[in-house]
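Worksheet for the structure shown next.
Values in this text are rule-based calculations from the coordinates and carry no lab data. Remember, predicted model here, so these are calculated numbers, not experimental data. All Cβ positions, even for glycine, are placed from backbone atoms using ideal geometry, and neighbour counts span all protein chains on display.
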Amino acid sequence: MSLINRSSLLKSHFSAICRFYCVKSKDISKLVKNNKVVVFMKGVPEQPQCGFSNAVVQILRMHGVTYDAHNVLEDNALRQGIKEYSNWPTIPQIYIDGEFVGGCDIMLQMHQSGDLIEELKKAGIKSVLLDNPPKKDSSK
């Protein structure tokens with residue numbers, strides 16, 4: 001087989017593989033912009049399949065946030081595509097108002113510092129924690 005034929009064959013195979021496994025950036029962009037808050041996670045909110053995804057679900061639940069969730073375990077192309085789109089290697093990934101926020105560790109840090117309430121407010125979302133602030137322990 002000549003070098004030209006091999007090159008053509010490799011391009012053909014790569015195209016077929018990419019069509020099967022690659023999710024285009026524009027498709028992911030549509031998903032990210034479909035709702036004010038979007039989470040790419042392992043599992044679904046009702047049944048997260050990893051502790052990090054569960055933590056994100058719990059944080060958003062505490063704030064009373066409605067969001068779109070995408071289960072990357074059901075779609076390997078989406079799982080790889082979202083990592084490339086965000087240039088972030090891990091799942092879950094959270095987007096607020098079309099902007100990548102980060103993963104579980106960043107969400108937890110933002111929740112603990114109060115920054116998440118501010119980010120949600122910028123996106124036009126009021127956290128329910130503003131209505132029911134945590135009570136301070138008065139026994140001290």
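Taking a quarter of the surface of the Cα convex hull of segment 52-127, what do you get in nm²?
Details: hull surface 19.1 nm².
Seen from a random direction, the Cα hull of segment 52-127 projects 4.8 nm² on average.
Using a simple spin-label model with pseudo-atoms 7 Å out from Cα toward Cβ, Gln47 and Ser25 lie 3.6 nm apart. On the beta carbon distance between Asn76 and Gln109, with R0 = 25 Å, the FRET formula returns roughly 0.30.
Checked against a 22 Å cut-off, the cross-linked pairs Lys83/Lys121; Lys42/Lys122; Lys36/Lys122; Lys33/Lys121; Lys42/Lys121 give Cα-Cα distances beyond that limit for Lys83/Lys121; Lys42/Lys122; Lys42/Lys121. Quick one: grab the alpha carbon gyration tensor of segment 89-135, order the square roots of its eigenvalues as a ≥ b ≥ c, and give me rounded if a/c is under 1.5, else prolate or oblate depending on whether a/b is larger than b/c. In terms of gyration-tensor shape, oblate.
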